[in-house]
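Beneath this line is the structure, given in structure tokens, with notes to follow.
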Amino acid sequence: MKSKLKTRKFMTSLLVLSTAAAVMGVGAMSPKNVFAESNTPAKSFFRNPHSKIKHVVYIIMDNVHQSDIQQMPDVMKFLHQGTLFTNDHTVLDSHTQDGMLSDMSGKYPSKTGVIDQGFFERTKSGLKYSSFAYWNSADADGYHHVTAAPNWTAFNQHGLNVGAVGAPDMELESTKEVTSKMMTASDQNKSDYLGVSVHHSNGTTTFGSPNLPYVYNAASWSQSNKTLGAFPGWSDKTNLSWSLQATYEMQTHGVPVTFTYLHDAHQVNGKQALPGTYKATLKNYDNALKQFFTKMNQAGLNRTNTLFVMTTDEGDHLMPKGELTTNLTAWLANNSLNQQSASSITVYGDSGALVYLKNKSELPKTLASLTAVPGWNYVADPTELQALHMSVSAAPDRNPSFVLFSKPNVYYGYKGPKTWSYNSNYLWNHGTVSPDILHIWAGMVGPGIKAEHTSNQWIDHTDIMPTIFSLLGYNLSKQSFDGVPAVSGLTPQNRPRFGYWGIQRAETVFKQLNAPVGTFGLDTLKLSTDASVNATNSTGKQLNQEIQNLTNVRNRAASKLQADILSAFQGRPVSYRQLAADTEAAQKILKTVAKDTQSQ
């Protein structure tokens, strides 16, 4: 990842406060109401009578590839007790913050409001930068940092406490979010309040390992004669055992649902490394997870009563020489087809660079001039951002003018010279559109999950949470999920009672139609690229309108097909004839967009 680059060595002090108070306390202002939150038990929710799940352990790893876990024998042995999904996929942009939020919420960036690792927000005082922040904090634009309802809410409604260990935006991410009310008299160090949280079923939240005595005072697994102590931060140099032990302590002390972040595995001494040189890091990963699984089993928490979820945020493109970088702002402001003031252009540097233009009227000319800008493959204009689920409706001020997806070995900066150079500090690239970046994996072990199974079903980030909810028997229709339960990984008694193959086909077509990196998304991205370089002529306008029309049709068909699938999982199946008809209607849209793409 390009980052949580900051090494944040944190201890966190106890604070128990209401969720509403937390929002007021950590934000500069009261956020605009973009969702309603309540911890009152919902009578419409129901439980799966077949479920034996008493605990949920969710572990999300940073930049850990399938080839990496295959070098972790104990991790592979554990995952083979359940289902390994080898055909999982990211969102766009493929980065840690937006990807992990989509994975942990079941919603695309268009709903979470977090469209990249970082982004800008248009405010009355100009563009303001936003990156990692607590879920309910008020961003500069006045909205919650994450515009979707918190992912812990439904668990709380069922009386379950939810813990987070380094999990993006589920805990305080910056000392700017810490107020004096959050600090005890004996601990005035703001950094001690970051990195760890427990969201209680009564609507209160605790921040900090020092005020979770069962975490802070636990005898350390990795350092004899020492207690676990404070959260060591998100740095790639930190000891994985800390986060895994903190997860264990929560799970064995009344926090049955946990979300845990584990740092990048492609590291040697905190620096990115080439394949074959970070075997020791992979071994450390394997040993730490083996110890965690062993300790959990000794505590009686295993696949008979605990649902384990393991996955990653994105893949990577290897660049042996380092990433090839240049100043995109300079290229956009001064090229053979366009001249404008660099001060009117703001770039969030990335391989999927977000570009914000001060003057909307400059967009067609800027897009058309991209043929004079080197190093890119695709362009997503405002219309295509809707097709890719990257356009935020709840906080539209965050939407860029366009996104420029670079070649896999290119990273666009926002300052410096127009010349090209290699940055050997970064050997792995992600964020842009490339199969090795978009294609990832996920593993699930526990009650309701098929054992010793490898699935090639096409899924993406947003399907993990619906799968968990389905296994728990929670209401799927009221969560505004963008994904569906991954039927291929479920035991027969946890699948819809009719038409397994019909459901699996429906899910496959649904994902190709609705996922950002499914067939529809990637095909319309090609159309968007053609439309963008022709933005000043009639061809570009016609293509742009075509993308809008296709997206509108897609949205209706995808919504209908998803409703069919979710209804089937909730015991209210539509007729097989309707499911087949809705699947075929979605398939026809895919054929139409494929034909349109081929004709360009």
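The values are calculated or read from the model by the stated rules, or taken from the named source; none is laboratory data. What you are looking at is a predicted structure, and each value in this text was computed from that prediction instead of being measured. In this analysis, Cβ positions are derived from the backbone assuming ideal geometry, glycine residues included, and neighbour counts consider all displayed protein chains. Areas reflect the complete protein model, heavy atoms only, side chains present, ligands, DNA and RNA absent. Shrake-Rupley method; radii C 1.70, N 1.55, O 1.52, S 1.80 Å.
Tabulated results
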{"item": "Accessible solvent surface per residue of the stretch 500-599, calculated while the other protein chains remain in place, 1.4 angstrom probe, Å²", "result": "44"}
{"item": "Contour minus Cα-Cα distance for residue 541 and residue 563 (0.36 nm per residue)", "result": "4.6 nm"}
{"item": "The stretch 394-429 and the stretch 573-596: distance between their alpha carbon centers, rounded to Å", "result": "37"}
{"item": "Cleavage-rule hits, trypsin sites (Lys or Arg not before Pro), the stretch 460-554, DSSP coil, Cβ neighbours within 10 Å at most 13", "result": "478, 497"}
{"item": "Unsatisfied cross-links (Cα-Cα over 19 Å) in the set 283/321; 321/526; 560/588; 478/560; 77/290", "result": "283/321; 321/526"}
{"item": "Cut-off of 10 Å, at most 16 other beta carbons, DSSP loop: longest stretch of the chain lacking such GluC sites (Glu not before Pro)", "result": "38-451"}
{"item": "Aspartates and glutamates with Cα under 14 Å of residue 591, excluding same-chain neighbours fewer than 8 positions away", "result": "523"}
{"item": "Surface share of carbon and sulfur [accessible, 1.4 angstrom probe, percent] for the stretch 500-599", "result": "50"}
{"item": "For the stretch 323-429, alpha-carbon Rg over 2.2 N^0.38 Å", "result": "1.04"}
{"item": "Local electrostatic count at residue 209 - Lys and Arg +1, Asp and Glu -1, tallied over other residues with Cβ under 12 Å", "result": "-4"}
{"item": "Debye-sum result for the stretch 500-599 in log10 I(q)/I(0), which assumes one identical scatterer on each alpha carbon, at q = 0.10, 0.12, 0.14, 0.18 Å⁻¹", "result": "-0.31, -0.42, -0.54, -0.78"}
{"item": "Gained length - residue 297 relative to residue 577, 0.36 nm times residue gap less alpha-carbon distance", "result": "96.2 nm"}
{"item": "Added length on full extension, which subtracts the Cα-Cα distance from 0.36 nm per residue, residue 239 to residue 188", "result": "15.8 nm"}
{"item": "For the stretch 323-429, accessible area per residue (1.4 Å probe, heavy atoms of protein chains only), Å²", "result": "37"}
{"item": "Within the stretch 364-416, trypsin sites (Lys or Arg not before Pro) in DSSP loop having at most 12 other beta-carbon neighbours inside 10 Å", "result": "415"}
{"item": "Relative contact order computed over the stretch 422-502 (Cα-Cα under 8 Å; 6+ residues apart), in percent", "result": "28"}
{"item": "Given 52/450; 358/407; 237/279, the pairs whose alpha carbons are separated by over 18 Å", "result": "358/407"}
{"item": "q = 0.27 Å⁻¹, the stretch 303-349: log10 I(q)/I(0) [Debye, one scatterer per Cα]", "result": "-1.00"}
{"item": "Relative contact order of the chain, defined on C-alpha pairs under 8 angstrom at six or more residues apart (%)", "result": "21"}
{"item": "Efficiency of FRET from Cβ geometry, residue 556 and residue 597, R₀ 22 Å, rounded to 0.05", "result": "0.60"}
{"item": "Label-point gap, in nm, between residue 253 and residue 420 - each point 7 angstrom along Cα→Cβ", "result": "5.4"}
{"item": "Per residue accessible area in Å² of the stretch 215-268, where ligands, DNA and RNA are left out and the probe is 1.4 Å", "result": "32"}
{"item": "Reach of residue 365 by Cα under 15 Å, taken over aspartates and glutamates that are not fewer than 8 positions away in the same chain", "result": "381, 530"}
{"item": "R0 of 35 Å, Cβ-Cβ distance residue 454-residue 358: FRET efficiency to nearest 0.05", "result": "0.10"}
{"item": "Accessible surface of the stretch 253-353 [probe 1.4 Å, protein heavy atoms]: carbon and sulfur percent", "result": "52"}
{"item": "Label-point separation, residue 344 to residue 128 (7 Å along Cα→Cβ), nm", "result": "2.6"}
{"item": "FRET efficiency estimate (nearest 0.05) - Cβ-Cβ, residue 86 to residue 497, R0 22 angstrom", "result": "0.20"}
{"item": "Antiparallel DSSP beta bridges within the chain, percent to nearest 5", "result": "70"}
